[in-house]
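Peer 1: Take this structure first; my questions come after.
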Amino acid sequence: MNKTHLTEIKLKLMSLSVFRQLLEDGIICAFLEFLSAKTAQEQISTYSAFVSLLYSENSGSFTRHIKYICLNSENVYVKLIGKNKEVAEYISQSVENELSILQEICDITCEELISCIGWNGILPRFEDHKTDLRAHFYHRAENIGKYGYGMYAKNPMFYIDENNRILPVKNPDTIRLSAFKDYELQRNRVLENTKALLNKKPASNILLTGDAGTGKSSTVKAVANELFSEGLRLIEVRKDQLSLIPKILDELSENPLRFVLFIDDLSFLKDDDNFNALKAVLEGSVSAKSENVVIYATSNRRHIIKETFSDRQGDEIHLNDTIQELVSLSERFGMHISFSKPNKETYLNIVKHIASENSLSISEDELELKAERFALQRGGRSARIAKQFVDILLSEQH
């Protein structure tokens, strides 16, 4: 490889159209800086800066990095495929040509780049390996409903920021269903309903109610993690953001993936505007307004609305109408799942399961005795209390 070849590679990169977003990537920008370097000093500096970025962002593999950004690219081709729309021949041909360019760059070895610098000193190396970029890209495109594109391809959980943008959670909860003990019936109902969504069958919005610490929120997150590879993503919506749900549904409606809008610890005052916002979304619907979205909400209150004494006494003329309004929101969820506080046997089973998962060294009798004492000190038994108890024992052993 010589400098003329480097210039040709730069021109090919600059010609990208479908994959043009790749030119905004930091490592690609650093690579272009190297390709543009004129003097040996500039080449040494820009090459080393490029490799430094590879080390920090992708453990030192240029091939792996190009494959990653290419497969997760949010470009016009994958968007059309995701919407099940016809792709124009000229776009398809551009994809073919640009994949050839990116494949050529993937195949460049560390030694080939160093040979162009013309310096006898020691320069940093990066990993070389082969990949069939074209085959990987078309496999992802053909299975777009499982992989998605853009930020949804890379992340399992999302939130709504203060500017009403959907953004990935940087450190999502990684809990899996295997971490649970008991409550199998409740978890299986959530799991089966979510699988129905993924299989494009009728799926219900779910209200999960019960005592604090019984695993309602953890169940939803564990199901999201379990089904990530099947095309499920979770977006958490705060109570004060419920009015944004119609906009979110519009944004997600043509996305090939399936989504759970997750509302944690749901409760309202009677005249809360957010009450009417959520009720409007659920009104007369077994599932959310978009066929690829369901709403899962958790609440410690069976009827969600905090009733006042005057509500129950009926200082309004139509007492029955008032009470019906208070419970109407919960009735609009297609499925109710209750998580009751565990009894002693269930609580101890959960403790022993978590202890076993963490290889805790303690006799069963001592474990049960300490676990029950801990629950009494904390004012009751729950899955959360069981986890806190085992965490304390683990910290004491280390």
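Peer 1: What is the antiparallel percent of DSSP beta bridges lying wholly in the chain, to the nearest 5?
Peer 2: Values: 3 of 27 bridges.
Around 10 percent antiparallel, to the nearest 5.
Peer 1: Right, another one. Any aspartates and glutamates with Cα under 12 Å of the Lys146 Cα? List them, leaving off those in the same chain fewer than 8 positions away.
Peer 2: Qualifying aspartates and glutamates at Cα under 12 Å: Glu230.
Peer 1: Work out, step by step, the length gained on full extension between Ser48 and Glu357: first 0.36 nm times the residue separation, then minus their alpha carbon distance; give nm to one decimal. Please list the in-between numbers first.
Peer 2: On the way: separation 309, 0.36 × 309 = 111.24 nm, distance 4.48 nm.
This chain segment gains 106.8 nm when fully extended.
Peer 1: Here is a follow-up. For each pair in Lys154/Lys195; Lys221/Lys344; Lys67/Lys201; Lys181/Lys239, compute the distance between the two Cα atoms and list the pairs where it is over 23 Å.
Peer 2: Details: Lys154/Lys195 20 Å; Lys221/Lys344 26 Å; Lys67/Lys201 33 Å; Lys181/Lys239 30 Å.
Distance filter (> 23 Å) returns Lys221/Lys344; Lys67/Lys201; Lys181/Lys239.
Peer 1: Now a separate question. Taking each pair of distinct Cα atoms in segment 344-397 once, what is the resulting Kirkwood hydrodynamic radius in Å? Don't skip to the end; give the middle numbers.
Peer 2: Values: mean 1/r = 0.0932 Å⁻¹.
Evaluated over segment 344-397, this radius sits at 10.7 Å.
Peer 1: Taking the alpha-carbon centroid of each part, what is the distance from segment 113-147 to segment 166-199 in angstrom?
Peer 2: 35 Å
Peer 1: Can you tell me the order of 8-14, 290-296, 50-56 when each peptide is scored by its average per-residue count of other Cβ atoms within 10 angstrom, highest first?
Peer 2: 290-296, 50-56, 8-14
Peer 1: On a 0 to 90° scale, report how tilted helix 40-58 is relative to the longest principal axis of the chain, with both axes built from alpha carbons and the result rounded to the nearest 10.
Peer 2: With both axes taken from Cα atoms, the answer is about 20 degrees.
Peer 1: Would you mind checking the tilt of helix 216-226 against the longest principal axis of the Cα atoms of the chain, expressed as 0 to 90 degrees and rounded to 10?
Peer 2: Long axis of 216-226 versus the principal axis of the chain: about 30 degrees.
Peer 1: What is the ratio of the Cα radius of gyration of segment 144-213 to 2.2 N^0.38 Å, with N the residue count, to two decimals?
Peer 2: Working: Rg = 15.0 Å, N = 70, 2.2 N^0.38 = 11.1 Å.
Normalised Cα radius of gyration, segment 144-213: 1.35.
Peer 1: Distance check, please: which entries in Lys170/Lys279; Lys170/Lys387; Lys10/Lys170 exceed 27 angstrom between their Cα atoms?
Peer 2: On the way: Lys170/Lys279 31 Å; Lys170/Lys387 23 Å; Lys10/Lys170 33 Å.
Table pairs above 27 Å Cα-Cα are Lys170/Lys279; Lys10/Lys170.
Peer 1: Straight distance only, please: which lysines reach the Cα of Lys3 with their own Cα at less than 18 Å, same-chain residues fewer than 8 apart left out?
Peer 2: Excluding near neighbours in sequence, the set is Lys12, Lys38.
Peer 1: Give the aspartates and glutamates reachable from Lys216 as a straight Cα distance under 19 Å; neighbours fewer than 8 places away on the same chain don't count.
Peer 2: Cα-Cα hits under 19 Å: Asp173, Asp182, Glu184, Glu192, Glu226, Glu236, Asp264, Asp265, Glu331.
Peer 1: Helix 184-198: angle to the longest alpha-carbon principal axis of the chain, degrees 0 to 90, nearest 10?
Peer 2: Taking Cα atoms only, the helix is inclined about 50 degrees.
Peer 1: Search the structure for amide H atoms under 5 Å from the amide H of Phe259, placed 1.01 Å from N in the peptide plane, and list their residues when 5 or more places away or on another chain.
Peer 2: Hits under the 5 Å cutoff: Arg233, Val293, Val294.
Peer 1: Using only the alpha carbons of the chain, what is the convex hull's orientation-averaged projected area in square nanometres? Don't skip to the answer; put the middle values down first.
Peer 2: Values: hull surface 105.1 nm².
With every direction weighted equally, the projected area is 26.3 nm².
Peer 1: Using only the alpha carbon atoms of segment 72-228, find the Kirkwood hydrodynamic radius as the inverse mean reciprocal pair distance, in angstroms to one decimal.
Peer 2: For segment 72-228, the Kirkwood estimate is 20.0 Å.
Peer 1: Which peptide among 63-73, 19-29 comes first, and what is the full order, when sorted by highest mean count of other Cβ atoms within 10 Å? Don't skip to the answer; put the middle values down first.
Peer 2: Values: 63-73: 19.5, 19-29: 15.8.
Top of the packing list down: 63-73, 19-29.
Peer 1: Please list log₁₀ I(q)/I(0) at q = 0.09, 0.16, 0.20 Å⁻¹ for segment 3-144, using the Debye equation with identical point scatterers on the alpha-carbon positions.
Peer 2: The calculated log intensity ratios at q = 0.09, 0.16, 0.20 Å⁻¹ are -0.29, -0.84, -1.22.
Quick note: the coordinates plus some simple rules give every number you see, no bench work behind them. Everything numeric here is computed off the predicted structure, so don't read it as measured data. For neighbour counting, all protein chains shown are included, and Cβ atoms are generated from backbone atoms with ideal geometry for every residue, glycine included.
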